[in-house]
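Encoded as structure tokens, the structure appears first; notes follow it.
The values are calculated or read from the model by the stated rules, or taken from the named source; none is laboratory data. Remember, predicted model here, so these are calculated numbers, not experimental data. Every residue, glycine among them, receives a Cβ derived from its backbone with ideal geometry; neighbour counts consider all protein chains shown. Ligands, DNA and RNA are excluded from the accessible area calculation, which covers all protein heavy atoms including side chains. Shrake-Rupley method; radii C 1.70, N 1.55, O 1.52, S 1.80 Å.
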Amino acid sequence: MLQAMAQHSGAVTAARTRRWAGGLLTLVVLAGTALTGCGLVGGQSTASSVGIQASRGPTPTSGVSPSPSPACPPAPAKFSCVMRARIAAVQQYLRRRPGVVGVVLRDRTTGALWQNPQARTPVYMASTSKLAMATTLLLENQSGAIHLSPADMATMHQMLHVSSDQDADALWFKFGAPFYTSMFPKIGLAHARYLAQAGVTGPYWGEMMCPATDLSRLITYVLTKLPPPLRAYFENTLRHVAADQHFGVWGAGPAEQPGNKDGWSLEKPGWIINTVGFAGPGARYTLAVMNSLNGHGGYHDGTDTVTQVAALLFRGHQVPAPRVSATP
């Protein structure tokens, strides 16, 4: 039941190498540095793909030293030059987007971590809390604390695959709020808080808030702490979510084999659009993005924002807005 599922085209002709040997060496070293440890596929790791243009210096006979290439962005540490430039592009992009957007990007291979200033701002979790529910259920089932029947497993699949609220309700009330809330801090939701819900006694999965840093810890837990069969279940399930969740981390593109759990809801602050998941070979990168529109945009503004963040990071450019629709 739980079974798992650039070349850098900067090849330079020998003639060009002889003509610009003095100036090209710096570019080759920089390009090599940018590619090393980048972990991006699909030919998007070239400097030109992120707007880094290598200026062609004078020929050696001019007696003038070649002009240096634009400096690699100094931060965030441990990311490649390409990824640093893409992070800078995301920061620039978000200045034009409505609402509050918290972003956390993690490279599980190098340990590199980038989060923007809004990453610690609590936002309604919407359906991203279903990922925490499923993680708790599978862990407790493995430990013997509960027994998940085939019907429970089918219900959980629908909760993740199509983000079914009815199925989330069924599992939440079957096992009870304390069953989940006692586990949530252990799997990453250290700062989650619960808001009162009319007609519901105690915490409820649909009325939770947390910062993007918590969602980042949650997906990192799933990929690094869970036993291999459980990790394989999540990787396979999140890579095959239904069309209503083809936004957010999904914007990384098929070459990066993304998987995500998205969330969307209409709350008092307005639309909430969130995404958490992974991308890259071996699920190398994790990404969490939480967007509270705060009444300054609608559903499609939010889905576009979180999708373009992933596209800029993993493709190096924006993509057409996702064609998704949903009801709160």
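Data table
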| quantity | calculated |
| --- | --- |
| Fraction of the pair-distance distribution of the stretch 214-306 above 24 Å, Cα-Cα pairs, percent | 21 percent |
| Straight-distance crosslink candidates among lysines, where the alpha carbon sits under 24 Å from Lys130 and sequence neighbours closer than 8 are dropped | Lys174, Lys186, Lys225, Lys261, Lys268 |
| Neighbourhood net charge (10 Å Cβ-Cβ; Lys/Arg +1, Asp/Glu -1) for Thr275 | 0 |
| Length added when fully stretched, Asp169-Arg96, from 0.36 nm per residue minus Cα-Cα | 22.6 nm |
| Nitroxide proxy distance, nm - points 7 Å out along Cα→Cβ at Ala255 and Val162 | 3.4 nm |
| Protection-proxy order for peptides 295-306, 260-271, each taking the mean of Cβ atoms within 10 Å per residue, highest first | 260-271, 295-306 |
| Distance between modelled label sites at Asn294 and Gln142, nm, 7 Å Cα→Cβ extension | 4.0 nm |
| Percent carbon-and-sulfur accessible area, the stretch 173-328, ignoring ligands, DNA and RNA, probe 1.4 Å | 56 percent |
| Descending semi-axes in Å of the stretch 169-328, equivalent ellipsoid built from Cα gyration tensor | 25, 21, 13 |
| Rg over Rh, two decimals, the stretch 130-208 (C-alpha only, Kirkwood Rh) | 0.94 |
| All aspartates and glutamates inside 17 Å of Lys78 as judged from Cα atoms, apart from same-chain residues fewer than 8 positions distant | Asp107 |
| Per-residue HN-Hα couplings for the stretch 83-99 [Karplus 6.51, -1.76, 1.60; θ = phi - 60°; Hz; x = Gly/Pro] | 5, 4, 5, 6, 4, 4, 5, 5, 4, 5, 4, 5, 5, 9, 9, x, x |
| Within the stretch 131-226, trypsin sites (Lys or Arg not before Pro) in DSSP loop having at most 14 other beta-carbon neighbours inside 10 Å | Lys225 |
| Inter-probe distance in nm under a simple model that places probes 7 Å from Cα toward Cβ, at Val319 and Ser182 | 4.2 nm |
| For Ser265, net neighbour charge (Lys/Arg +1, Asp/Glu -1) across residues whose Cβ lies under 10 Å away | -3 |
| Long-range amide H partners of Gln197 with built H, under 5 Å | none |
| For the stretch 70-136, alpha-carbon Rg over 2.2 N^0.38 Å | 1.34 |
| Full-stretch length increase - Leu195, Ala77 - with 0.36 nm per residue and alpha-carbon distance subtracted | 38.8 nm |
